[in-house]
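The values are calculated or read from the model by the stated rules, or taken from the named source; none is laboratory data. What you see is a predicted model, and the numbers here were worked out from it, not measured in a lab. As a convention, Cβ positions derive from the backbone with ideal geometry for all residues, glycine included, and neighbour counts pool all protein chains shown.
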Amino acid sequence: MSRIRFALGLITAFLSLSIVSLAFAEEVVVYSARKEHLIKPLFDAYTKETGVKVTFITDKAGVLVQKLKAEGKNTAADLFITVDAGNLWFAAKNGLLQPVESKVLQENIPPHLRDPQNLWFGLSVRARTIVYNTDKVMPLDLTTYEDLGNPKWKGRLCLRTSGKVYNQSMVAMFIAELGEEKTELVISSWVKNLAAAPFSNDTKVMKTIVAGQCDVGIVNTYYYGRLVKKDPSLPLALFWPNQDGSGVHVNVSGAGLTKYAKHKKEAIKLLEWFSTEKAQNLFADTNMEYPANPKVKPHPTVTGWGSFKQNMINVAKAGELQVTAVKLMDRVGYK
Ligand code: FE
């Protein structure tokens with residue numbers, strides 16, 4: 001009798017276990033530093049296509065990293081999504097991510113836009129380029145990032161604060177390419193050309209250029225897209241620098257599988273889906289960014305800004321050299 005009861009107990013336990021795992025198998029939990037209005041359409045499309053539920057929370061990258069750290073093995077998060085390779089690198093460095101060996105991701109995401117250890121993958125590309133006042137500057141006057149330190153731009157350059165990770169990553173990438181000494185000369189020459197103290201965001205940089213307080217600046221193209229969408233008559237245009245050299249500085253928004261993911265298989269499937277054509281357009285177009293998958297075309301508005309050669313240095317360098325970059329900017333008085 002007790003043997004039968006034991007066997008029945010085992011069967012019940014097995015059944016309830018499978019029901020539990022079945023119920024959970026249809027879900028992926030995402031921590032996202034990418035804003036809700038940019039990622040929710042993506043999750044909705046995925047659920048519609050596959051029936052898999054995507055539960056998510058959004059917050060600042062730093063807050064989510066601390067949350068992942070504090071939760072450790074008990075975290076509910078399967079995927080971590082954030083902007084900037086510097087942030088992805090930081091999460092990886094803190095042991096919060098695990099590698100994903102996926103043929104789909106290897107094929108869809110170029111090597112320079114993903115972590116060399118496959119701990120994270122870029123999913124959209126953000127170009128940080130030169131913007132200028134079309135009433136005051138001719139495209140012929142512009143050539144490279146480095147040239148913005150030329151005395152001819154004295155009192156004509158506007159920049160965003162060095163406290164923003166976008167600039168830290170950009171300077172880190174310069175260090176990777178030019179070395180620390182040469183980069184220091186470039187950034188210090190920029191500081192000498194500043195027309196005003198650095199601004200808190202890219203939009204303010206462009207508004208100051210429009211207002212005539214400066215003539216050139218450096219911004220992420222999607223901020224340009226947003227501003228010009230509101231008022232197409234603004235005397236602003238983008239310029240693609242370093243086209244005879246190493247190309248335009250790019251960064252990514254991307255994602256990685258968390259170290260303690262409870263829905264590993266499902267999370268990898270979602271990550272792979274992010275890299276496919278339909279998802280790539282959803283991921284990039286809502287914020288006027290560039291798809292990371294080179295087989296996918298950007299939104300027509302974005303294509304209208306012209307094509308450019310992008311810098312092929314691995315964006316992981318943005319993280320590796322970030323501390324060096326911050327110290328360098330501090331040394332030359334870039335606030
Ligand atoms: Fe941004």
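Set side by side, the residues 241, 298, 294, 235 differ, and just one is away from the ligand (no atom under 16 Å from the Cβ) and touching a His at 6+ places or on another chain (Cβ under 9 Å), which is 241.
The rows are residues; the columns are (1) surrounded by fewer than 19 Cβ atoms within 10 Å (Cβ to Cβ); (2) of a type in the set (A, V, I, L, M, F, W, C).
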{"residue": "223", "(1), (2)": "no, no"}
{"residue": "232", "(1), (2)": "yes, no"}
{"residue": "235", "(1), (2)": "yes, no"}
{"residue": "243", "(1), (2)": "yes, no"}
{"residue": "247", "(1), (2)": "yes, no"}
{"residue": "267", "(1), (2)": "no, yes"}
{"residue": "270", "(1), (2)": "no, yes"}
{"residue": "273", "(1), (2)": "yes, yes"}
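Remark: pairs (first residue in the range 209-236, under 20 Å from residue 156 (Cα atoms); second residue away from the ligand (no atom under 16 Å from the Cβ) and among the basic types (Lys, Arg); Cβ separation under 7 Å; 6+ apart in sequence or on different chains) = 214/156; 215/136; 215/156; 216/156.
Condition first: assigned to a loop (DSSP other than H, G, I, E, B) and among the aliphatic types (A, V, I, L, M). Now tell me which residues in the range 109-123 satisfy that. Quick ask: steps written out before the conclusion?
Residues of the range 109-123 that are assigned to a loop (DSSP other than H, G, I, E, B), as a first pass: 109-110, 115-120.
Within the range 109-123, 109, 119 qualify.
Residue selection: residue 259 satisfies the criterion of being closer than 26 Å to residue 29 by Cβ, at pLDDT 95 or above and touching a Gly at 6+ places or on another chain (Cβ under 8 Å).
Note on the range 70-98: residues that are closer than 15 Å to residue 256 by Cα and free of Cβ contacts under 8 Å to residues at least 60 places away in the same chain total 1.
None of 106, 168 is within 16 Å of the ligand (Cβ to nearest atom), in a helix (DSSP H, G or I) and either farther than 19 Å from residue 309 by Cβ or not acidic (Asp, Glu) (or both) except 168. Which residues, counting only those in the range 131-165, are aromatic (Phe, Trp, Tyr) and outside any helix (DSSP H, G or I)? Hits for the range 131-165 are 132, 145.
For the range 301-335, the set of residues classified as part of a loop (DSSP other than H, G, I, E, B) and either modelled with pLDDT under 95 or hydrophobic (A, V, I, L, M, F, W, C) (or both) consists of 305, 308, 312, 313, 315, 316, 321, 332, listed by residue number.
Quick check on residue 131: is it more than 16 Å from the ligand (Cβ to nearest atom) and of a type in the set (Val, Ile, Thr)?
In short, no.
When residue 217 is tested against the conditions (1) buried (at least 23 other Cβ atoms within 10 Å of the Cβ); (2) within 16 Å of the ligand (Cβ to nearest atom); (3) within 20 Å of residue 322 (Cβ to Cβ), the lone failure is (3). Residues that are at pLDDT 95 or above, buried (at least 21 other Cβ atoms within 10 Å of the Cβ) and closer than 22 Å to residue 288 by Cα do occur in the range 190-203. Looking only at residues in the range 283-304 that are in contact (Cβ under 8 Å) with a residue 24 or more places away in the chain and among the β-branched types (Val, Ile, Thr), the one that is farthest from residue 163 (Cα to Cα) is 301.
Among the residues of the range 305-335, write down those that are of a type outside the set (Val, Ile, Thr), surrounded by fewer than 18 Cβ atoms within 10 Å (Cβ to Cβ) and within 21 Å of residue 161 (Cβ to Cβ). Of everything in the range 305-335, those that are of a type outside the set (Val, Ile, Thr), surrounded by fewer than 18 Cβ atoms within 10 Å (Cβ to Cβ) and within 21 Å of residue 161 (Cβ to Cβ) turn out to be 327, 330, 331, 333, 335.
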